[in-house]
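Visitor: My structure is below; once you've seen it, I'll send some questions.
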Amino acid sequence: MYSDCMNINLRLSGVAEKAVDDMIKYGYATSKTEAIRLAILDYKHHHIIEPVQMTEADLADLEQARKELREGKTSRLEEI
């Protein structure tokens, strides 16, 4: 029907449900749908880096961090 949007049914419980309820309670969102949309956008803003925005140095650092993780030299990726 709409090629430019995604419709989903979603069941949340526990911490995820409380987070959505808190977003509404504290006025960050007016509905559950808006809260989820804002959470997704916030995640993208803070965690997803588009490869086209990364410099060669950034890509080299990322590859080095992935290599260290594979080799067991670190237990998690630090901020990338």
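Visitor: For the range 4-40, enumerate the residues that are polar (S, T, N, Q) and part of a helix (DSSP H, G or I).
Guide: Answer for the range 4-40, where residues must be polar (S, T, N, Q) and part of a helix (DSSP H, G or I): just THR33.
Visitor: Okay, next question. Across the range 33-79, which residue is modelled with the highest pLDDT among those that are loosely packed, with under 10 Cβ neighbours inside 10 Å and of a type in the set (Val, Ile, Thr)?
Guide: This residue is ILE48.
Visitor: Here's something else I'd like to know. On the basis of being within 10 Å of the chain's Cα centre (by Cα) and not small (Gly, Ala, Ser), does TYR43 make the cut? Show your work before the answer.
Guide: Details: within 10 Å of the chain's Cα centre (by Cα): yes; not small (Gly, Ala, Ser): yes.
Criteria met by TYR43.
Visitor: Does the range 59-72 hold any residues that are in a helix (DSSP H, G or I) and either more than 19 Å from the chain's Cα centre (by Cα) or without any contact (Cβ under 8 Å) to a residue 12 or more places away in the chain (or both), and which are they?
Guide: Filtering the range 59-72 down to residues in a helix (DSSP H, G or I) leaves 59-70.
Correct list: LEU59, ALA60, ASP61, GLU63, GLN64, ALA65, ARG66, LYS67, GLU68, LEU69, ARG70.
The values are calculated or read from the model by the stated rules, or taken from the named source; none is laboratory data. Because the structure is a prediction, the values reported are computed rather than measured. Note: ideal-geometry Cβ built from the backbone for every residue, glycine included; neighbour counts use all protein chains shown.
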